[in-house]
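Step one of this worksheet: look at the structure below.
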Amino acid sequence: MKYLKGYVKSSLKYIFIPTHIFVGITGVVSAYYFSLFQMMSIEGSVLDVFVSSIYFIPFIVSLTFAAIPYAGVFCEELENGYIHLCILRGSLKEYVISKVVGIEISAIITMLMGSFIFIFSVKYKLPWVDTNSVIYQTILENGCFQEILKNNQYVLYFFLYSFKIGLLAANISSIALFMSLFWSNKFFVFSIPFLFYYFQVYFLNANFANLSSINLMNLYNSYYRIGGNDINSFLLAIFVNIIFLVLCGIGCFLKLNRRIQNNEK
């Protein structure tokens, strides 16, 4: 792939523009703290606070912030004409691949860094775990990465937990990236992660409670273990993530190709 390396470099530069990545990470941390505020007090353990925060509405907002560093890239590059320059000098296929890679990297990094800033800030006041808490006991019975938690490898445990949430953010951000080719309004684009996740989780809970494996909350939340063991659960999350990205790539390619053909006529 002749042009892919250059496209990826351009995508990475876009992601790490300070106003993009800083706003995204700050938003994720703020969303976690809003959840903490709804808990009324900081008590128990880091594990209790982190797991509980995922069940409040502000967590859905954090997914929106995870999309900010990159989901609006098509909006900007279509507006300033940069996208046409890139395609004329290279390959549409490789250009789209670089954007899919970009949305994956940006969402995971944003969610990972935001989660860890929150986790370590809470760690100043709380122990890593409370072995008597309901959350801790439930994870040891039904959650992912039990052995890591039992062996007191807390940083690794929270890294894997946050990484899976990052995969979730990447999935939803990829939808926002694709939809941005239909609506160039950034406010609408950045609202898509919130709207999709809220609808998907609560609609499935209300209508398909037995199909827990297709609920994104259950699939990417390590509080649950879908697939029988940690490896299967982790691989399933990655597999679904890849499906999202492939579908996003195909959709973006087809839409951009159609737009280019229409412009040439």
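The values are calculated or read from the model by the stated rules, or taken from the named source; none is laboratory data. Because the structure is a prediction, the values reported are computed rather than measured. Cβ: placed from backbone, ideal geometry, glycine included. Neighbour counts: every protein chain shown. Ligands, DNA and RNA are stripped out before the accessible areas are found, and what is left, the full protein with its side chains, is counted by its heavy atoms. Shrake-Rupley method; radii C 1.70, N 1.55, O 1.52, S 1.80 Å.
Which residue is farthest from G249 (Cα to Cα), if the candidates are limited to segment 133-184 and must be among the aliphatic types (A, V, I, L, M) and in contact with an Asp or Glu (Cβ under 6 Å, 6 or more places away or on another chain)? Give the steps one after another, and end with the answer.
Taking segment 133-184 and keeping what is among the aliphatic types (A, V, I, L, M), we get 134-135, 139-140, 148-149, 155-156, 160, 165, 167-170, 172, 175-177, 179, 181.
So of that shortlist, the ones also in contact with an Asp or Glu (Cβ under 6 Å, 6 or more places away or on another chain) come out as 135, 170.
Working: I135: 38, A170: 13 Å.
Out of the qualifying residues, it is I135.
If you check V61, V101 for being under 30 Å from Y136 (Cα atoms) and modelled with pLDDT of 80 or more, only one passes: V61. If you filter segment 171-193 down to residues that are in contact (Cβ under 8 Å) with a residue 24 or more places away in the chain and of a type in the set (F, W, Y), you find that the one that is nearest to A66 (Cα to Cα) is F190. Evaluated against (1) assigned to a helix (DSSP H, G or I); (2) more than 27 Å from F182 (Cα to Cα); (3) within 21 Å of the chain's Cα centre (by Cα), Y55 falls short on exactly one condition, (1).
For segment 39-48, does any single residue satisfy the condition of being part of a helix (DSSP H, G or I) and either at pLDDT below 80 or among the aromatic types (F, W, Y) (or both)? Full working, then the answer.
Going through segment 39-48, the residues part of a helix (DSSP H, G or I) turn out to be 46-48.
If we keep only those that are either at pLDDT below 80 or among the aromatic types (F, W, Y) (or both) too, we end up with none.
No; the residues of segment 39-48 include none that is part of a helix (DSSP H, G or I) and either at pLDDT below 80 or among the aromatic types (F, W, Y) (or both).
Checking each residue in segment 62-94 for being under 22 Å from A169 (Cα atoms) and either among the acidic types (D, E) or open to solvent by 50 Å² or more (accessible area, probe 1.4 Å) (or both) picks out F65, E76.
Hey, among the residues in segment 170-196 that are modelled with pLDDT of 80 or more and of a type in the set (S, T, Y), which one's farthest from G102 (Cα to Cα)? Taking the candidates together, the pick is S191. Within segment 220-237, the set of residues being over 15 Å from M111 (Cβ atoms) and part of a helix (DSSP H, G or I) comprises D230, I231, N232, S233, F234, L235, L236.
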